[in-house]
Amino acid sequence: MLKSVMAFFDLVFPLKLKPLTYEMEGAKTLLPGTVVEAELKKTIRRALILDENLPGENVSGEGRGQGAGKFPTKTIKSVLTDGPAISAPLLGLLKWMAGYYMVPEGLALKVMFGGELFEKGKPRKAKRPERGGTRPAGAEAPAALLTASDAVAALTRIRQAQDYRAFLLHAPNGPFEGELALEASRDQKGVIVICPERSRMMEYERRMKPVFGGRLCVLHGGLTSAKRRFAYEKILAGETDVVLGTRVAVFAPLKKVSLIILTGEEDPNYKNRQDVRYGTREVAVMRAWLEKARVLLSSICPSAESYLNALRGKYEYLRFPGEKPAVRVLLDSKKKSGSGLPAGGDIMDRAITAAFAGALEKGRNALLVANRPGHSVPLCEDCGHFERCPSCGTALVLHKTLKAKKAGASASLLCHHCGFVKGAQETCGVCGGHGLKPLGAGIERLKEEAERLLTGTMGIKIVDRGKKTEKPEDAPEALLPLLYLGTKRVSKIAGEAGAARPKIAALIYPESAFFRPGFRSRERVFAEINHLADRLSADGKIIIQTKTPELFRAMKELDYEGFMKEELEERKALGYPPFSKIAQITIEAPTKPMPAQAPPPVKTRSGVEIPDAQVLGPIEKTDEKGKKFFLLLVKAPTARALKAAVGAALRTIAPGAKVTVDIDPA
DNA sequence: GTAATAGAAGCG
DNA sequence: GCTTCTATTACA
């Protein structure tokens with residue numbers, strides 16, 4: 001009898017699942033990217049055709065080959081799209097994501113489109129994408145920014161480049177960065193503009209909407225799934241070809257992309273922390289490569305990775321130097337005078353309070369930044385005792401504004417590691433002494449001091465929290481000088497004050513940031529100071545109060561090249577990125593210390609040894625809930641070698657443990 | 001000893 | 001994501 005013609009296809013479901021082979025009756029061939037329905041464990045689900053699984057061909061992995069072999073294949077129930085729903089470059093990106101980040105293709109698919117690309121349900125006509133003008137409109141576009149001839153030349157190069165081309169824009173300031181992004185995309189078709197966070201994206205939206213109108217589409221993780229689906233439909237239909245968004249926008253299913261702009265390219269927000277731990281910058285560059293498109297990475301303080309790529313000629317470097325505010329590093333005066341505190345035991349250096357008072361008296365705004373939440377650690381002067389967290393052992397921090405539910409306590413002691421809370425006492429818990437001395441400079445304590453030293457004599461409004469209440473009721477107070485006080489969050493708000501940006505900023509003991517884990521901590525601190533500088537007025541000034549001025553020596557002039565030279569030399573010496581590739585393996589094993597202490601020499605599949613790959617660890621850590629886990633760090637000279645080395649390391653881990661792999665960890 | 005339940009594996 | 005299989009615990 002005539003046997004019916006069968007074709008076999010590898011399908012990807014948007015689940016944590018590798019591709020599976022299904023069959024389809026008839027000679028009709030389905031193109032990769034086509035959406036179909038097929039049965040998985042008795043339920044019919046939507047999936048994407050990844051490849052045709054041709055007889056005799058062995059597609060990625062074990063025992064598959066032609067589907068008609070070892071196991072019975074199920075059949076594709078129906079075909080939902082007439083041809084590919086997503087472009088070939090995007091499909092390529094999916095495969096690259098799965099390979100590079102070592103996750104199943106299904107998980108990559110899920111992360112890229114969140115499942116919405118596959119859900120059924122009729123898209124309702126959008127209500128009104130326009131939102132009412134809720135904003136007082138801060139910084140306005142200094143329109144003449146880009147008239148300088150070198151800026152015009154840069155724009156021309158970006159616009160006219162053909163095929164794949166990467167640019168690194170080292171912008172002098174945020175407004176310039178935004179202006180160049182807008183101008184570069186102005187007469188382009190198929191543009192993706194990505195911002196590191198939603199609030200920045202909304203600023204860009206305000207600027208781009210008048211230019212692109214209905215061509216502009218917004219895409220970010222906070223969209224409801226209906227809105228997200230609606231956005232996808234507009235993009236797929238070609239109704240909009242300019243996509244603005246946060247990191248998920250890098251996957252926008254445009255038919256054709258010609259320009260990708262990644263603003264604030266060094267921002268840590270670009271690292272995805274769940275499921276597929278991708279880096280948006282790496283994905284953006286890879287997508288541009290696959291799309292044969294141009295990619296513009298921009299920042300006021302580019303990452304060491306991108307800067308090295310620029311130095312090596314992989315990216316075209318567009319450098320626009322700008323005036324930077326003066327940075328002054330103050331040695332902590334108390335260090336010299338021992339424990340003999342000045343009157344009142346002030347934390348802030350006199351030079352800072354004087355400079356702040358000067359600026360505020362002139363009606364200028366000021367910004368005080370510290371990394372520590374809470375007030376202080378109460379230390380008993382009599383017996384030296386301080387309270388520790390029962391599970392973490394770390395010092396508990398006094399929060400005066402946080403009321404503990406414990407009877408009688410007007411303040412509480414909080415563990416910043418695990419969140420443990422208890423009521424605070426007025427006296428020492430061990431000796432009953434009354435001499436509790438505050439140790440450390442938390443925001444709450446700084447606020448007390450600022451109120452005492454600065455607001456006492458003049459009318460000043462302290463702004464110390466997020467913009468939950470952004471009402472125009474500030475109007476009468478708008479004349480008062482503002483003292484912004486808080487962590488980075490507050491400095492962001494201060495930077496959005498348009499013409500009234502702070503004239504002076506002080507950082508109180510920022511050195512703790514140097515000791516955050518990870519090899520990038522220095523670079524982060526430097527970038528943060530640069531961003532702080534960008535938030536100040538043109539005649540701004542930053543004062544750093546520190547006990548370790550040596551650590552800030554390289555940051556003092558905000559000399560980017562000088563800093564990067566040192567930083568890159570150190571990274572090279574230690575074998576860290578961008579001179580190597582690294583991966584971090586997290587192992588959640590209940591009690592087992594670790595199966596293999598010394599991993600075997602790293603080899604590729606074919607048995608070739610990789611000379612410079614190494615596996616460090618395991619080290620034991622405890623998470624916020626007090627749960628133990630273990631970390632392995634894998635270093636290798638190239639991405640390829642890294643993959644092999646990670647594979648080798650994984651084989652040494654006993655089964656039963658929950659393992660996650662993070663390629664290029666933050 | 002079996003039943004109830006939780007957690008991991010596998011899905012073509 | 002949902003089913004199914006397996007390991008573990010509860011319980012008469």
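The values are calculated or read from the model by the stated rules, or taken from the named source; none is laboratory data. Please read these numbers as outputs of a predicted model, since none were measured by experiment. All Cβ positions, even for glycine, are placed from backbone atoms using ideal geometry, and neighbour counts span all protein chains on display.
Observations on the model:
- Among the residues of segment A:376-394, those identified as out of contact with any Lys or Arg (no Cβ under 7 Å at 6 or more places or on another chain) and part of a loop (DSSP other than H, G, I, E, B) are A:ASP382, A:CYS383, A:GLY384, A:HIS385, A:PHE386, A:GLU387, A:CYS389, A:PRO390, A:SER391, A:CYS392, A:GLY393.
- Remark: pairs (first residue in segment A:278-289, under 18 Å from A:ALA88 (Cβ atoms); second residue assigned to a helix (DSSP H, G or I) and not hydrophobic (A, V, I, L, M, F, W, C); Cβ separation under 7 Å; 6+ apart in sequence or on different chains) = A:ARG287/A:PRO89.
- Hits in segment A:78-88 - residues which are in contact with a helix residue (DSSP H, G or I) (Cβ under 9 Å, 6 or more places away or on another chain) and either free of Cβ contacts under 8 Å to residues at least 12 places away in the same chain or surrounded by fewer than 20 Cβ atoms within 10 Å (Cβ to Cβ) (or both): A:PRO84, A:SER87, A:ALA88
Residue-wise test of (1) touching a strand residue (DSSP E or B) at 6+ places or on another chain (Cβ under 8 Å); (2) closer than 22 Å to A:GLY540 by Cβ; (3) among the hydroxyl-bearing types (Ser, Thr, Tyr).
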| residue | (1), (2), (3) |
| --- | --- |
| A:ALA171 | yes, yes, no |
| A:GLY174 | no, yes, no |
| A:GLY178 | no, yes, no |
| A:ARG186 | no, no, no |
| A:GLY190 | yes, no, no |
| A:MET202 | no, no, no |
| A:GLU205 | yes, no, no |
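- The listed residues are A:LYS422, A:LYS406, A:LYS437, and the only one of them that is touching a Gly at 6+ places or on another chain (Cβ under 7 Å) and either surrounded by fewer than 21 Cβ atoms within 10 Å (Cβ to Cβ) or modelled with pLDDT under 80 (or both) turns out to be A:LYS406.
- Listed by first and then second residue, the pairs linking a residue in segment A:12-32 that is of a type in the set (Ser, Thr, Tyr) to a residue that is within 16 Å of DNA strand C (Cβ to nearest atom) and assigned to a loop (DSSP other than H, G, I, E, B), with Cβ atoms under 7 Å apart and 6 or more places separating them unless they lie on different chains, are A:TYR22/A:LYS74.
- Extreme residue, farthest from the chain's Cα centre (by Cα), among residues of segment A:95-116 that are more than 14 Å from DNA strand C (Cβ to nearest atom) and part of a loop (DSSP other than H, G, I, E, B): A:MET102
- Whichever residue in segment A:248-288 is in contact with a Gly (Cβ under 9 Å, 6 or more places away or on another chain) and aliphatic (A, V, I, L, M) and, among such residues, is farthest from A:ARG520 (Cα to Cα): A:LEU254
- Matching option when the condition is without any contact (Cβ under 8 Å) to a residue 12 or more places away in the chain and outside the structural domain of A:VAL103 (by TED's automatic domain parsing), among A:LYS643, A:LYS635, A:LYS621, A:LYS658: A:LYS621
- For segment A:8-49, the tally of residues that are in a strand (DSSP E or B), touching a strand residue (DSSP E or B) at 6+ places or on another chain (Cβ under 6 Å) and within 11 Å of DNA strand B (Cβ to nearest atom) stands at 11.
- Boolean, A:LEU631 is at pLDDT 70 or above and closer than 22 Å to A:GLN274 by Cα: yes
- Counted residues, segment A:529-561 - those being within 30 Å of A:GLU496 (Cβ to Cβ) and in a helix (DSSP H, G or I): 13
Per-residue answers, yes or no, for (1) on the phi > 0 side of the Ramachandran plot; (2) hydroxyl-bearing (Ser, Thr, Tyr):
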| position | (1), (2) |
| --- | --- |
| A:ASP275 | yes, no |
| A:LEU290 | no, no |
| A:SER298 | no, yes |
| A:SER306 | no, yes |
| A:ASN309 | no, no |
| A:GLU316 | no, no |
| A:GLU323 | no, no |
| A:LEU330 | no, no |
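- Among the candidates A:LEU297, A:LEU254, A:LEU308, A:LEU290, residue that is closer than 20 Å to A:HIS170 by Cα, modelled with pLDDT of 95 or more, within 24 Å of the chain's Cα centre (by Cα) and not in a strand (DSSP E or B): A:LEU308
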